[in-house]
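To start, the structure itself, in structure tokens.
Since every read-out is calculated from the coordinates, none of them should be taken as a lab result. Please read these numbers as outputs of a predicted model, since none were measured by experiment. No Cβ is skipped: glycine too gets one built from the backbone with ideal geometry, and neighbour counts run over all protein chains shown.
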Amino acid sequence: QLRNEMPESPEATLERMMTQYGLSQEDVETMLAEPGCTALFEQSVVGRDPKRVVSWITSEIFGQLAYRSQRLADSSLSAEQFAQLLDALNADTITSAQAKQALIAFMDGEQRTVGELIKAYGWEVISDQDELRNIAERLLEAHPKEVAGYLKGQTRRLNFFVGKLMQATQGQAKPQDASQIIKNLLEARR
């Protein structure tokens, strides 16, 4: 009975998480090195893509912890907030940049939900393709030199227009949508 009450060893956790979630040894070892991290992962992963969850933990959350010289245990981020953030991202309710801003807010002690942050900051993603196309058309007309450059083979001009569209929508367009719409409009001008 004593064995059942003992906490799982790091080796057992490593094996279990690799098998149960299909994670790499490196990812699990990285999480094991930060106290409380595997608990955050396991509380947040239910019903979500384990690889996306671990990616957000090891890149975005750990990045913020390093920037703040902070441990996860000292952070105000809760598993519930992190799960809400992942759900909003998966549903395309917010962009990746907005999710990063929400993460920073949560780690700064923000208590509102992701939904409340979306409303407060006007983060609704613009998914109306016609609206994005209209904005892109206006941008192409406003920058004829860049259009001409693209048509002459300077394909990096596409990035210029994607940046302008993201600026015009205040980051509310998905970059992939912006890129595809602009590319289609530019190619139609050949």
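List of remarks:
- Only helices enter the 222 nm calculation for the chain: every DSSP H run of n ≥ 4 contributes -39,500 (n - 2.57), and dividing by all residues gives -19000 deg cm²/dmol, rounded to 500.
- For the chain, the membrane-span-like helices by this rule, meaning whole DSSP H stretches whose C-alpha atoms cover at least 18 Å of axis and whose Kyte-Doolittle mean is -0.5 or above, are 175-188; this says nothing about an actual membrane.
- Anisotropy class of segment 12-93 from Cα gyration tensor, a/c 1.5 cut: oblate
- Most positive-pole-ward Cα, Asn159, Leu86, Leu103, against dipole of the chain from beta carbon charges: Asn159
- Where N is the number of residues in the chain, Cα Rg divided by 2.2 N^0.38 Å: 1.32
- Reducing segment 77-121 and segment 1-51 to their Cα centroids gives an inter-centroid distance of 24 Å.
- Qualifying aspartates and glutamates (Cα of each under 15 Å from Cα of Lys100; at least 8 residues distant if same chain): Glu60, Asp87, Asp92, Asp108, Glu110, Glu124
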